[in-house]
Amino acid sequence: MITMPFPEGAWEARGNHIRNTVRQGRAAMPSFREAKISDAELEGLIDALLRGELANAATGEE
Ligand code: HEM
């Protein structure tokens, strides 16, 4: 989904978009409420995505 760190100026907008997508659902994606992913978990995931920490997780490359 995100393959490199996001420019910091875009973090707030991108974070809001991801948060809304998870909490409200979007098109074919179902919504996931607090019982499925807690606020703390979601904020941690968004943070990791924006910082690019998961960028190479799929391939295992550094
Ligand atoms: C908490 C984990 C997840 C995050 C952070 C996440 C995030 C996102 C984001 C940001 C998009 C793009 C929305 C856009 O078009 O602007 C998306 C799309 C989508 N996601 Fe997720 N997602 C998650 C879990 C899931 C799961 C578990 C499913 C399947 C059950 C799923 C199914 C989809 C689908 C089908 C789309 C395409 C929606 C469409 O345009 O039709 N997502 N997701």
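Looking across region 1-44, the residues that are assigned to a loop (DSSP other than H, G, I, E, B), modelled with pLDDT of 95 or more and within 20 Å of ALA57 (Cβ to Cβ) come down to PHE32, ILE37.
Scanning region 1-58 for residues that are exposed (fewer than 14 other Cβ atoms within 10 Å of the Cβ) and of a type in the set (Lys, Arg) returns ARG26, ARG33, LYS36.
The values are calculated or read from the model by the stated rules, or taken from the named source; none is laboratory data. Source: prediction; values computed, not measured. In this analysis, Cβ positions are derived from the backbone assuming ideal geometry, glycine residues included, and neighbour counts consider all displayed protein chains.
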